[in-house]
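S.K.: I am attaching a structure below and will ask some questions about it afterwards.
The values are calculated or read from the model by the stated rules, or taken from the named source; none is laboratory data. As the structure is a prediction and not an experimental result, all values here were calculated from the model. So basically every Cβ, Gly included, is an ideal-geometry build from the backbone, and we count neighbours across all protein chains shown.
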Amino acid sequence: MAFSAENLLFIASTSPVSIIRHSKPTNSNIDTTLLPKPSSLFPLSQQRAILRTNKRCSALSQSPTHPEYIPNRIPNENYVRVVDTTLRDGEQAAGASMTRLEKLAIAHQLAKLRVDVIEAGFPASSKYDSETVKRIAKEVGSRVDECGYVPVISAYCRCVRSDVDAAWESVKDATRPRLCIFISTSEIHMKYKLNKTADQVLELAKESVRYARSLGAQDITFVCEDAGRSEKEFLYRIYGEAIKAGATTLTFTDTVGYNFPSEVEQFVKDLKANVIGIENAILSMHCHNDFGLANANTIAGAYAGARQVEVTINGIGERAGNASLEEFVMAVKTRGKDILGGLHTGINTKHIIATSKMVEEYSGLSVQPHKAIVGANIFSHASGIHQDGVLKNKSTYEIILAEDIGYVHSNDDGIVLGKHSGRHALKSRLLQLGHDLDEKKFHEVFEHFKSLAETKKSLTNEDLESLVYQQITYLLQGRVQTTAYIVETFRSYNKMGDNRLLLFKTPNKMTADPTPMESEADLNKPVVESSVERDVPNNESGEMLDSNNGTELIENEVNGILEPYVGMEFDSEEAVKEYYDAYATRVGFRIRVGNFHRSNRDGSINSRKFLCNKEGFRNNKKSKRGEVRRSREETREGCKAMIMARKEKSGKWVVTKLEIRHCHPMWISRGKKVTIPAPSQDEKDKKIRELSAELYRANQQLAECRKTLEMVLKELKGMKAKCSYARMRFLVPADAILFHTGADIGVSIGIG
C-alpha cells in the first residue's frame with residue numbers, strides 16, 4: 001500500500017514511530033492504532049519540521065548488533081534496549097559531581113560501549129547541565145559510525161512546560177533525540193511531595209506528553225516515579241493516558257528499592273495485561289539498590305516482558321545506587337539463552353572495564369574490590385584449592401571470560417612497561433586495556449608516559465588508565481600553552497582533611513588568586529622551572545572548577561568584570577554592595593555585610609565592610625552548664641577576603657581597603673545572569689583611576705609572588721630534612737611529573 005504526500009505528512013506528525021525508512025514506506029512500519037483523529041493535527045509548519053526530523057532519524061544504515069530503531073517497538077522480540085543513566089542518575093550519587101568535559105568523555109565511551117540510549121542529564125536543573133547535554137547531543141548523538149550505529153540522546157524533565165522546553169532545546173540536534181518526562185504516582189509522593197490529587201497528576205502527565213509532542217518530539221519516555229509503591233489501578237490509568245498522548249516508552253521505577261523480584265515480575269505482567277495500548281509502547285525498568293536487589297529486579301522485569309532497562313556504570317546513583325550495567329549485561333550474556341528465553345543486548349562488552357575505570361576516575365567513587373564483574377578481585381584466587389582448579393581450567397571458578405569484558409591481568413603478556421619501552425609496546429598494552437586511540441591522542445599519551453616512566457621503575461595498568469583519561473579530557477577542552485608554575489601547599493577540602501602538595505597551573509589570570517606571575521624572568525629566583533611546555537586545560541567559560549579532589553585553577557577572565565581596587569568610586573553604600581555581590585557571584589563566593597562606622601556629627605554610616613561569607617569561625621551556643629546546645633556543621637573557614645568603602649566629603653563611596661585572596665575552594669555560578677553596576681566615572685579622573693588600579697595590581701602581584709616563593713622554599717627545605725617523600729600526594733600523575741622537575745634545586749620524589 002502506497003501513501004500520498006498528504007497521508008505521509010499526517011502519519012509523521014502524529015505517530016510516535018519513525019516510519020520514513022525507505023522512499024516508499026509500507027504499512028508494516030506503521031502503528032495505525034496510535035493515529036489520532038484528524039482534528040488533532042499539528043500546524044502545517046510544525047508537521048513539516050517533524051517530517052524533516054523523521055527523515056534525518058531514519059535514513060541510517062542498520063547496525064548489525066542492534067535491530068532497527070523504532071521508538072515504540074523493537075522488531076526483535078528478545079532484544080533488550082540498554083539506557084545508561086550514569087550522567088544523570090549516576091551523578092546524583094553523593095560526591096559524584098563531574099565536570100562538563102568529563103561527562104563528554106564518558107558519553108563518547110558509552111557510545112564505544114554501544115549503549116542504545118544515553119540519558120545525558122537534566123537540562124532544567126541548571127544552564128551548566130543544559131549546555132552539557134546540548135554538547136553531547138551534537139558531538140556524540142550526531143556521530144553515525146560505519147555500521148550505522150548512533151546512540152539515542154535523552155534529556156530528563158518534570159511535567160513542567162519550562163522543563164520540557166529546556167530538555168527539547170538540549171537534545172533536538174541529536175540524530176535520535178528523546179525526552180524523558182517523569183512525575184510521582186505513589187500516594188505518599190503525591191500527598192507530601194507534590195501536594196496534588198491523583199486526578200491532578202493524571203492531567204499534568206497527559207498535558208506534558210502532548211506538549212512535548214507539539215514541540216516535535218517523536219520519542220518520549222513517560223516515567224512514573226515510585227511506581228513500585230503506587231496503586232496498580234492508578235498506574236493502569238496514567239500509563240494508558242500517556243500512550244494516548246504520544247508516549248513511546250513507559251518506565252516502571254522502583255525508586256527506593258522497595259520491591260522484591262517476584263513482585264516486580266508480577267507488576268510487569270499486570271501492566272502488560274491491563275494498560276490500554278501497551279502493545280504500542282515499550283516497557284522499561286528502573287530499579288534502585290536499597291535492598292541490594294536492583295539487578296535481580298531488573299532481570300525479573302526483563303524476563304517478564306520489559307524490553308528496556310535503565311542502568312548505570314558501576315551501579316552508582318542515589319543512596320545505595322542503581323542497577324549496574326555491567327552486571328545486567330553480563331548476566332544476560334551468560335545466562336540469557338538457557339534461562340532467560342534468549343534475551344540479549346547490543347552492548348560491546350569488551351569495553352566494560354575501560355568504561356568502569358573511566359567513571360571511577362571521573363566520579364571519584366572507588367569501585368569496591370569484590371564488586372561483581374569489574375572489581376579488582378573478580379579474577380583473583382587466594383585459596384590453594386581454587387588456585388589449583390583455575391590453573392587446570394579457568395572455568396572451574398570463573399563463570400565469565402576476562403577477555404569478554406576487556407580485563408587484562410597485570411603484565412600477563414610478559415612485557416614490563418618502563419622508561420625504555422617504545423611506542424609499539426605502549427600501544428599494544430593500551431589496546432589490551434580497551435583504548436584504541438588515534439595518532440594525535442596516542443602521541444600525547446606517549447609523551448606523558450615517557451615523562452612518568454622517568455619517576456618509576458615500571459608503570460601499572462592503573463597508571464596508564466589515568467594518563468589516558470587525563471589526556472582525553474585535555475584534548476576535549478582545547479588547551480593553553482604555559483611555562484609558568486607555582487607550587488603551593490593548601491588544604492584539600494575532603495572528609496579526610498589531609499594536606500596535599502599541588503602544582504597550581506598559572507596562566508595570565510586566575511580567579512582565586514588574581515596576582516599571578518607574568519613570567520619566570522620577572523622573579524629573582526625561580527622555585528620550579530620547566531624547560532618543556534605543558535598544555536593546561538582551558539575551560540570554555542574560563543571558570544574555576546571546584547572538583548571532588550581539590551580546586552583546579554584555570555584561566556579566568558572574570559567574564560569582563562572589573563576587579564576591585566583601592567580608589568574605586570561608587571554613588572552609594574548600596575552600589576558598593578551590589579557591585580561586590582555581583583563580583584562575588586562571578587568569581588565563586590558569597591558575601592556578608594560586615595562592620596560599619598557612624599559619623600560623630602550626624603550619626604550617619606560613613607564606612608562599611610563587606611566580607612566573604614566564610615570569614616571568621618562560628619561559635620556554637622552553650623547552655624548555662626557550659627554544654628553546647630546544638631552543634632552545627634562548620635561552614636566558615638576564617639577567610640580574610642573583604643572590601644572596605646568610606647564615604648568622602650564629595651558624597652562618593654571610595655574603596656579604601658581590600659583583600660582579594662580566599663583560603664577555600666570556589667564554586668561555579670551556574671546559569672545565573674548578573675549585571676555589574678558600574679562605578680561612577682568622572683572623565684578627568686578616569687585615567688588616574690586606571691593607572692592607580694594598574695599600579696595596585698602590579699604591587700599585589702609582586703608581593704604575593706614573593707610571599708608564595710618564600711613559603712615554598714620553606715616548605716621544601718622542611719620536607720628535604722625528612723627521610724622520604726613516598727607519602728606525598730598529588731591529584732593527578734602529571735602534577736607529580738612537574739614537581740619532579742624541581743630536581744635541579746635538590747628535590748626528587750617517587751610516586752607510591
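S.K.: Can you tell me which residues in the stretch 217-239 are farther than 16 Å from Ala306 by Cα, in contact (Cβ under 8 Å) with a residue 24 or more places away in the chain and over 27 Å from the mean Cα position of the chain (by Cα)?
M.R.: Let us first name the residues in the stretch 217-239 that are farther than 16 Å from Ala306 by Cα, namely 217-220, 225-226, 229-234, 237-238.
Pick out the ones that are also in contact (Cβ under 8 Å) with a residue 24 or more places away in the chain and you get 217-220, 225-226, 229-232, 234, 237-238.
Scanning the stretch 217-239 gives Arg229, Ser230, Glu231, Lys232, Phe234, Arg237, Ile238.
S.K.: Taking Ser395 and the conditions (1) without any contact (Cβ under 8 Å) to a residue 40 or more places away in the chain; (2) surrounded by 15 or more Cβ atoms within 10 Å (Cβ to Cβ); (3) part of a helix (DSSP H, G or I), which numbered condition does it fall short on, given that it satisfies the others?
M.R.: That leaves (2) as the condition not met.
S.K.: Looking only at the stretch 240-263, decide whether some residue is in a helix (DSSP H, G or I), acidic (Asp, Glu) and without any contact (Cβ under 8 Å) to a residue 60 or more places away in the chain.
M.R.: yes
S.K.: With the structure loaded, tell me whether Gly301 is of a type outside the set (A, V, I, L, M) and surrounded by 24 or more Cβ atoms within 10 Å (Cβ to Cβ) or whether it fails that test.
M.R.: On the way: of a type outside the set (A, V, I, L, M): yes; surrounded by 24 or more Cβ atoms within 10 Å (Cβ to Cβ): yes.
The answer is yes for Gly301.
S.K.: Right, next: Which pairs have Cβ atoms under 8 Å, sit 6 or more apart or on different chains, and link a residue in the stretch 200-216 that is without any contact (Cβ under 8 Å) to a residue 40 or more places away in the chain to one that is among the charged types (D, E, K, R) and in a helix (DSSP H, G or I)?
M.R.: From the stretch 200-216, the pairs are Leu202/Arg237; Leu202/Glu241; Lys206/Glu241; Lys206/Lys244.
S.K.: Tally up the residues in the stretch 598-617 that are small (Gly, Ala, Ser), over 15 Å from Lys640 (Cα atoms) and in a loop (DSSP other than H, G, I, E, B), please.
M.R.: Summing the residues that are small (Gly, Ala, Ser), over 15 Å from Lys640 (Cα atoms) and in a loop (DSSP other than H, G, I, E, B) in the stretch 598-617 gives 3.
S.K.: Now a separate question. Somewhere in the stretch 349-361, is a residue buried (at least 24 other Cβ atoms within 10 Å of the Cβ), under 15 Å from Arg81 (Cα atoms) and touching a residue at least 60 places away in the same chain (Cβ under 8 Å)?
M.R.: The answer is no; no qualifying residue exists.
S.K.: Take Ala323 and decide whether it is in contact with a helix residue (DSSP H, G or I) (Cβ under 6 Å, 6 or more places away or on another chain), touching a residue at least 24 places away in the same chain (Cβ under 8 Å), surrounded by fewer than 16 Cβ atoms within 10 Å (Cβ to Cβ) and under 20 Å from Val80 (Cβ atoms).
M.R.: no
S.K.: Give the number of residues within the stretch 418-452 that are charged (D, E, K, R) and under 22 Å from Lys350 (Cα atoms).
M.R.: So the count comes out to 6.
S.K.: Among the residues of the stretch 254-264, are any under 19 Å from Ile316 (Cα atoms), touching a strand residue (DSSP E or B) at 6+ places or on another chain (Cβ under 9 Å) and hydroxyl-bearing (Ser, Thr, Tyr)?
M.R.: There is at least one residue in the stretch 254-264 that is under 19 Å from Ile316 (Cα atoms), touching a strand residue (DSSP E or B) at 6+ places or on another chain (Cβ under 9 Å) and hydroxyl-bearing (Ser, Thr, Tyr).
S.K.: Something else now. Could you name every one of the strands (runs of 3 or more DSSP E) located completely within the stretch 60-174 that has at least 2 residues being farther than 23 Å from Ile243 by Cβ? Let's see the steps before the verdict.
M.R.: Numbers: elements: 81-84, 117-121, 152-158.
So the answer is 117-121.
S.K.: So Leu695 passes all but one of these: (1) crowded, with 16+ Cβ neighbours inside 10 Å; (2) farther than 30 Å from Phe122 by Cβ; (3) at pLDDT 65 or above. Which condition number does it fail?
M.R.: (1)
S.K.: Then there is this: Return yes when Ser366 is loosely packed, with under 15 Cβ neighbours inside 10 Å and closer than 30 Å to Val445 by Cα and no when it is not.
M.R.: Numbers: loosely packed, with under 15 Cβ neighbours inside 10 Å: yes; closer than 30 Å to Val445 by Cα: yes.
In short, yes.
S.K.: May I ask you to say which residue of Pro75, Pro151 is over 12 Å from the mean Cα position of the chain (by Cα) and surrounded by fewer than 24 Cβ atoms within 10 Å (Cβ to Cβ)?
M.R.: Details: Pro151 fails: surrounded by fewer than 24 Cβ atoms within 10 Å (Cβ to Cβ).
Step by step, each of Pro75, Pro151 is checked, and only Pro75 is over 12 Å from the mean Cα position of the chain (by Cα) and surrounded by fewer than 24 Cβ atoms within 10 Å (Cβ to Cβ).
S.K.: Please find, within the stretch 230-260, the residue that is surrounded by the most Cβ atoms within 10 Å (Cβ to Cβ) out of those that are at negative phi and in contact with a Phe, Trp or Tyr (Cβ under 6 Å, 6 or more places away or on another chain).
M.R.: So, considering only residues that are at negative phi and in contact with a Phe, Trp or Tyr (Cβ under 6 Å, 6 or more places away or on another chain), the one surrounded by the most Cβ atoms within 10 Å (Cβ to Cβ) is Ala247.
S.K.: Next up: What residue, among those in the stretch 296-323 that are among the polar types (S, T, N, Q) and in contact with a strand residue (DSSP E or B) (Cβ under 6 Å, 6 or more places away or on another chain), is nearest to Glu279 (Cα to Cα)? Walk me through how you get there before you give the answer.
M.R.: Of the stretch 296-323, the ones among the polar types (S, T, N, Q) are 297-298, 308, 312, 314, 322.
Remaining after also requiring in contact with a strand residue (DSSP E or B) (Cβ under 6 Å, 6 or more places away or on another chain): 297-298, 308, 312, 322.
Working: Asn297: 22, Thr298: 20, Gln308: 14, Thr312: 27, Asn322: 27 Å.
Here the answer is Gln308.
S.K.: Another one. Considering only residues that are over 28 Å from the mean Cα position of the chain (by Cα) and in a loop (DSSP other than H, G, I, E, B), look in the stretch 441-463 and name the one that is surrounded by the most Cβ atoms within 10 Å (Cβ to Cβ).
M.R.: Step by step, filter the stretch 441-463, then rank; the result is Leu459.
S.K.: Let me ask you something else. Scan (1) surrounded by fewer than 11 Cβ atoms within 10 Å (Cβ to Cβ); (2) modelled with pLDDT of 85 or more for the single condition Arg601 breaks and write down its number.
M.R.: In the conditions (1) surrounded by fewer than 11 Cβ atoms within 10 Å (Cβ to Cβ); (2) modelled with pLDDT of 85 or more, Arg601 misses (2) alone.
S.K.: Residue under question is Ala296, and the condition is that it be in contact (Cβ under 8 Å) with a residue 60 or more places away in the chain and either more than 24 Å from Ala111 (Cβ to Cβ) or part of a helix (DSSP H, G or I) (or both); does it hold? Spell out the reasoning first.
M.R.: Working: in contact (Cβ under 8 Å) with a residue 60 or more places away in the chain: no; either more than 24 Å from Ala111 (Cβ to Cβ) or part of a helix (DSSP H, G or I) (or both): yes.
In short, no.
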